[in-house]
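Here's the structure we're looking at; comments come further down.
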There are 2 protein chains.
Amino acid sequence: MPQPHDQNHDPAPVLVDIVRGVMVESRHRGAFAVVDAAGKVVRRAGAIDRPIYPRSAIKPLQALPLLETGAADKYGLGQEELALACASHHGEPVHVQKVSAWLGRIGLGEGNLECGAHLPTDVPSAQALIRGSQPPSQLHNNCSGKHTGFLCTAACLGEDPKGYIEADHPVMRRVLKAVGEMTGTDMARAPAGRDGCGIPVIAITLQAMAQGMARMADPSGLPDERRAASTRILDAMAAHPLLVDGTGGLAVEVMKVAGDRVRIKPGAEGVFCVSLPKLGLGIALKIEDGAGRASEVAIITLLDRLGCFTADERMALHPFLEPKIKNVAGVEVGLLRPAAAFDF
Amino acid sequence: MPQPHDQNHDPAPVLVDIVRGVMVESRHRGAFAVVDAAGKVVRRAGAIDRPIYPRSAIKPLQALPLLETGAADKYGLGQEELALACASHHGEPVHVQKVSAWLGRIGLGEGNLECGAHLPTDVPSAQALIRGSQPPSQLHNNCSGKHTGFLCTAACLGEDPKGYIEADHPVMRRVLKAVGEMTGTDMARAPAGRDGCGIPVIAITLQAMAQGMARMADPSGLPDERRAASTRILDAMAAHPLLVDGTGGLAVEVMKVAGDRVRIKPGAEGVFCVSLPKLGLGIALKIEDGAGRASEVAIITLLDRLGCFTADERMALHPFLEPKIKNVAGVEVGLLRPAAAFDF
C-alpha cells in the first residue's frame, strides 16, 4: 500500500537552494548515505533507512548477471558493451550503432527490445530525427544497452527472450537475485513497481543501496566470480564514460577527469549511485521531489566534500560545481547552491 | 542577501505525492493562500507570509497599465490582445501571428522585443521549426504577448521603447507601481531578481499575492479606472483561454469548462495565481521545489475542494484531477496524488 500521506513529521533536510537575484526561490530536500562495504555509515543526511526506488542508478548492479552467466565471455563483449549495459545513454549515433551491432552479434534485433521508443535525450540527435521525419526506435531508448545486456544472458542460456522484462522471467530473476544479494534486500517483500523501461523497480533503503555500491567498489569480501564481475563492470564505466551517459552529461565529465576514483550513475526522480574504488565506499542519494537539477548539484558537492577531486579537476568540473541559471536572453539571473547539509 | 541555508525548522507541508507501484516515490511540498479582497484568509497551507517570486503567474496584474494608460483603447485592442498580454503562450502559429500583427499595429516589430528567443513549448510547433531548420524568434517566446503589451504602452505615450525591461524605464515603473498597489507590497524594498524574460521579478508574500488576485476578482473597492481594467483583463482571459496558455494546457482546459468562475495563470518554478470572480477570492500557490507537475495537481485539487467545478466539469477535467504516470511503452505505472493538506 502507498505510504501514509503525511510525511511532515520527518522532513528531509534541504540539500540544494535555487537562488534568483537576492532570494532563495526554490528548495530541494533529500537524503544520502556514504557507506563502506561492511555497511558502516561514513556520512549521511536525512532518513537513510527509508526505501527509495533506485531507478537507473542501479544499473551497474543489474549488469552483474551479464558477466556471471558467462554471456559476456561467450559473445566476446568488450568494455564498450559492458559500459552500455550500465548506461542511461542519450541516444546519440554512437550509442545506437553499438547497441544495434551488439544485438546483431547475439542473433537478435531492435524488435526484441521491450523498453519502448522515445526521442534521444541528446538534443542534436533528437533534432536530426525530427528533421528527417524519422520516429525514434527502441534503440534510442536510454535503457537499450541495459536491455540488450538482459537479452544477451537469455541468448547465452538458450532462453526464450520474450517477456524478459517481467519479474518471473529467468532473466529478471537473475537480476533481482544479484541486486538482492548485493544490497541485502529481500526483493520479494520490498515495495515494488514498474520502471520507465518496463522492468520491475524494487525499493531499497539508501543505506543498503550505498552498501551495494560499496561492495562493487571494494569487492574483497565477495565470491570470486562476483568480485571479478564487479571490477569488470566498474572498469568498463570508467573506460567509456560517454557510453554510460551522453555528451555533456555530469557522469561523463566526472568520469573523464576522475574515472580512476569515481564510478557514477544517475537515475530518474533525483537519484545517484556511486562507487569509489580507492576509498572502498558507496554512495546513494535521492532528492525528495525527484528533481535532476538538484541531484546533480548534491552529488558533485558530496564527491567534492569527500575529497574526490584535485584542484585541477575542480576547475574542469566548475560548471557542475557552481552551476548558474541564465535567462532566455543569456543573462545570468541565478545559481544552484548546495545547502548546509554539506558543511562538513 | 540570500536567505539563510537552513529552512528545516519550518518545512512546507507535502502537497503532492508521486506514487509508483505500491510506494510514494517522490514528494512535493508547498504553500498556498486563498484570500478575499479585504485580505481575509479563507484557506491556507504552509507559510503564506513568506515572500515568493510569482513569475509569470502575475501577468494579469502586470497587464493593468495596458488599459490604464489608454493604450488598449488608442490601438483598438480586443480581448485577444488582452489575453495575449496575460499569456505564457506555447508559441503556436496562432500566438505568433497575433503577436506579430499587434506589433505591426503599434509600428514596431520582433526586433523591439527584449525577451529573447526560445523554441515553442508546444511540441508540434517546435518540431515544425526544427524540420524547417528555422531558428525560433522572439515571437515564439512564451512572454512575447506580455512584452508587446509593455511596448504598446510606450508607443501610446511616445516613449523610447528601448530598455523597457529595466526597472527604471517608464514602462516598467508603471507595471511595478500597479503590482505594488494591488498586492500592498513595497516594491522598492522587496527581494528582487530578474525573470526568465528579462524583466524584474519582485518577491511578494503568498497572502499578498492572493489578495491582489482577489482584488481583480472583486474589484468593488478599487478606483473606477482600475476596476474597469481588472474586469476587462479577467474577461479577456476567460474569452480566449487558448491565447493565455496553449493547446492541452491545464489553464486552457480549466477556463474552457469553468471560465465564468475561474481565471487561472501558471508561473515558472511551481507557481499558480487564480482569480475567482463569483466567489470574490484570489489564490496564490507555490511548490517549494519549483515543480510544475506538482503545482498543477495542487491547484486543480484546491479549486475542486473550493467547489469550483460541477460534476460534469470534474469529468472533463479528469486527466488533470487524477493524473497517471505512464512509462515509455505506454503502461500505467503510477499516479500523482494530492496529499492530506487538501483534506478539508
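What follows draws every value from the coordinates through simple rules; no lab data is involved. Just so we're clear, the structure is a prediction, and the values are computed from it rather than from any experiment. With ideal geometry, Cβ positions are generated from the backbone for all residues, glycine too; neighbour counts draw on all protein chains shown.
Odds and ends about this structure:
- Euclidean distance of C-alpha centroids, segment A:52-107 and segment B:196-214, integer Å: 49
- Calculated translational diffusion coefficient of segment A:162-250 (25 °C, 0.890 mPa s; Stokes-Einstein with Kirkwood radius over alpha-carbon pairs) equals 168 µm²/s.
- Quarter the surface of the alpha carbon convex hull of chain B and you get the mean projected area, 18.0 square nanometres.
- Scalar couplings 3J(HN,Hα) for segment A:64-76, obtained by applying the Karplus form with A = 6.51, B = -1.76, C = 1.60 to θ = phi - 60°, are 3, x, 4, 7, 6, 7, x, 5, 4, 6, 4, 9, x Hz; x denotes Gly and Pro.
- Karplus-derived HN-Hα couplings along segment B:206-216 (A = 6.51, B = -1.76, C = 1.60, θ = phi - 60°), whole Hz, x at Gly and Pro: 4, 5, 5, 5, 5, 5, x, 5, 5, 5, 5
- Inter-copy label distances for A:G111: 5.6 nm (label point placed 7 Å from Cα along Cα→Cβ; shortest first).
- Residue-averaged 222 nm ellipticity for chain B, from DSSP H runs of 4+ at -39500 (n - 2.57), nearest 500: -11000 deg cm²/dmol
- Charge tally for B:A214 (other residues, Cβ to Cβ under 10 Å; Lys, Arg +1; Asp, Glu -1): 0.
- Prolate/oblate/rounded call for segment A:186-314, Cα gyration tensor, a/c under 1.5 rounded: oblate
- Cα long-axis angle, helix A:224-239 against chain A (0 to 90 degrees, to the nearest 10): 60
- Position B:V41, label points 7 Å along Cα→Cβ, spacing to each other copy in nm (shortest first, one decimal): 3.5
- Shape call, segment A:37-173: gyration tensor on alpha carbons, a/c limit 1.5: oblate
- Per residue Cα convex hull volume in Å³ - calculated over the protein assembly as shown: 147
- Packing-based ranking, highest mean first, of A:16-27, B:282-293, B:73-84 given that Cβ atoms within 10 Å are counted: B:282-293, A:16-27, B:73-84
- For a 4.7 Å threshold on C-beta separation, the list of partnerless cysteines in the protein assembly as shown reads A:C86, A:C152, A:C156, A:C273, A:C308, B:C86, B:C152, B:C156, B:C273, B:C308.
- Environment charge of A:M23, counting only residues whose C-beta is closer than 11 Å and scoring Lys/Arg +1, Asp/Glu -1: 0
- Shielding value for A:195-202 is 4, the average number of Cβ atoms from other chains within 10 Å of each residue's Cβ.
- Rounded to the nearest whole Hz, the Karplus-based 3J(HN,Hα) values (6.51 cos²θ - 1.76 cosθ + 1.60, θ = phi - 60°) of segment B:306-321 follow the sequence 7, x, 6, 10, 7, 4, 5, 5, 4, 4, 5, 9, 3, x, 8, 6, with x at glycine and proline.
- Each copy carries a label point for B:S220 at 7 Å from Cα along the beta-carbon vector; from one copy to the others these points are 8.0 nm apart, nearest first.
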